[in-house]
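Heads up: the structure comes next, in structure tokens.
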């Protein structure tokens, strides 16, 4: 249950933090939302397939800030050698997605928040690309991937489409994380929403 209730808001908070740090990316996302959704509507499930930049923002957020940085542990049932390393039978193996997804051998300028990198590829959440594993891969990958993909898109899309976001004076955005089972922000994001849609009835 925690995986579903914690990881979705953690991901949305990280995405909002990155968008507030990179206002040009926020502007680009707002423009896409205004084009696809319009300012007389609210974000709905039917809009999601058309919101390609929103999808790229979410993927780039999950690349830099995977909500569960250590994937589900595996235990080999026999000793094996992989890449010159001996993995003993019965040992517990953790895969560190956080490190893999920031590897400069796999990603250009890996510490930079650059959603556009996902517009140029067909990388998805299914774990077929071993450089991008926010939900794991194979038979033990996260069973909630489809729900998470849709919920994060609806939540983040709605927040960015419905409001302009400001920081209180003197507020500094922190990108420091607090590692545990889940990768939370060390300091919670505090931002001020300002309604941007013309019809206040859309907020009811």
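The values are calculated or read from the model by the stated rules, or taken from the named source; none is laboratory data. Worth saying up front: this structure is predicted, and the values here are computed from it rather than measured. Neighbour counts are summed over all protein chains in view; Cβ atoms, including those assigned to glycine, are modelled from backbone coordinates with ideal geometry.
Details
- Of residues in segment 97-116 being in contact (Cβ under 8 Å) with a residue 60 or more places away in the chain and part of a helix (DSSP H, G or I), the one farthest from residue 69 (Cα to Cα): 116
- With a requirement of 2 or more residues that are farther than 25 Å from residue 166 by Cα, the helices (runs of 4 or more DSSP H) lying completely within segment 1-84 that satisfy it span 2-21.
- Considering 124, 128, the condition of being more than 23 Å from residue 17 (Cβ to Cβ), assigned to a loop (DSSP other than H, G, I, E, B), without any contact (Cβ under 8 Å) to a residue 12 or more places away in the chain and over 16 Å from the mean Cα position of the chain (by Cα) is satisfied by 128 alone.
- Leading residue by the ranking (modelled with the highest pLDDT) among those in segment 177-192 that are loosely packed, with under 12 Cβ neighbours inside 10 Å, under 21 Å from the mean Cα position of the chain (by Cα) and assigned to a strand (DSSP E or B): 178
- Test: residue in segment 131-148 that is outside any helix (DSSP H, G or I), over 22 Å from residue 29 (Cβ atoms), more than 14 Å from the chain's Cα centre (by Cα) and modelled with pLDDT of 90 or more: yes
- Qualifying residue in segment 159-176 (condition: within 16 Å of the chain's Cα centre (by Cα), surrounded by 12 or more Cβ atoms within 10 Å (Cβ to Cβ), modelled with pLDDT of 95 or more and part of a helix (DSSP H, G or I)): yes
- In a residue-by-residue description of segment 50-70, the property of being surrounded by fewer than 19 Cβ atoms within 10 Å (Cβ to Cβ), at pLDDT 95 or above and within 27 Å of residue 204 (Cβ to Cβ) applies to at least one position.
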